[in-house]
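All remarks here apply to the structure that follows.
The values are calculated or read from the model by the stated rules, or taken from the named source; none is laboratory data. Since we're looking at a predicted model, the values are computed, not measured. Every residue, glycine as well, gets a Cβ built from its backbone with ideal geometry; the counts of neighbours run over all protein chains shown. Keep in mind that these areas ignore ligands, DNA and RNA; they rest on the heavy atoms of the full protein, side chains included. Shrake-Rupley method; radii C 1.70, N 1.55, O 1.52, S 1.80 Å.
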Amino acid sequence: VERSLLRGSAPGPMSLLRYDCDDGLPGREGGFVLCTCWLAEALATIGRRDDALRLLDNIAAQAGKTGVFTEQVDGLTGESLGNLPQ
């Protein structure tokens with residue numbers, strides 16, 4: 001999952017795509033914040049707690065000024081995409 005769908009790298013923005021294929025919809029697909037959180041949970045569950053915390057810290061740094069997240073984040077630029085709030 002990480003090799004195929006995780007975009008970006010610390011200390012820059014990171015996010016996990018739902019899929020990596022042309023979905024026929026206009027615009028670009030960003031990584032979903034909730035999917036990225038699920039990856040962090042999975043990493044913690046298998047004992048990769050440092051990796052999980054690094055990912056969660058990265059997500060937290062992407063919150064807007066009000067602490068609200070968009071549903072998607074561009075894993076390379078950190079640009080907020082999609083709907084609010086999450």
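What to note about this one:
- Working note: 222 nm ellipticity from helices only, DSSP H runs with n ≥ 4, each -39,500 (n - 2.57), summed and divided by the residues of the chain, gives -10000 deg cm²/dmol to the nearest 500.
- Rg followed by Dmax, in Å, when segment 40-81 is reduced to its Cα trace: 11.6, 33
- In Hz, Karplus ³J(HN,Hα) per residue of segment 22-38 (6.51, -1.76, 1.60; θ = phi - 60°; x = Gly, Pro): 6, 9, x, 8, x, x, 9, 8, x, x, 8, 4, 5, 5, 5, 5, 5
- Here the gap between ILE46 and GLU79, fully extended at 0.36 nm per residue and compared with their Cα-Cα distance, gives a gain of 8.9 nm.
- Computed on segment 1-46, the Cα convex hull volume stands at 80 Å³ per residue.
- Kirkwood Rh (inverse of mean 1/r, distinct Cα pairs), the chain, angstrom: 12.9
- By accessible area with a 1.4 Å probe, ligands and nucleic acids excluded, highest first: order of ILE59, ILE46: ILE46, ILE59
- Debye, to nearest 20: dipole size of the chain, +1 on Lys, Arg Cβ, -1 on Asp, Glu Cβ: 220
- Extending 7 Å from Cα along the Cβ direction at LEU25 and again at ALA10 yields two label points whose distance is 2.9 nm.
- Residue-level accessible surface for ASP50, protein heavy atoms, 1.4 Å, Å²: 130
- Percentage relative contact order, the chain, counting C-alpha pairs under 8 Å, at least six apart: 31
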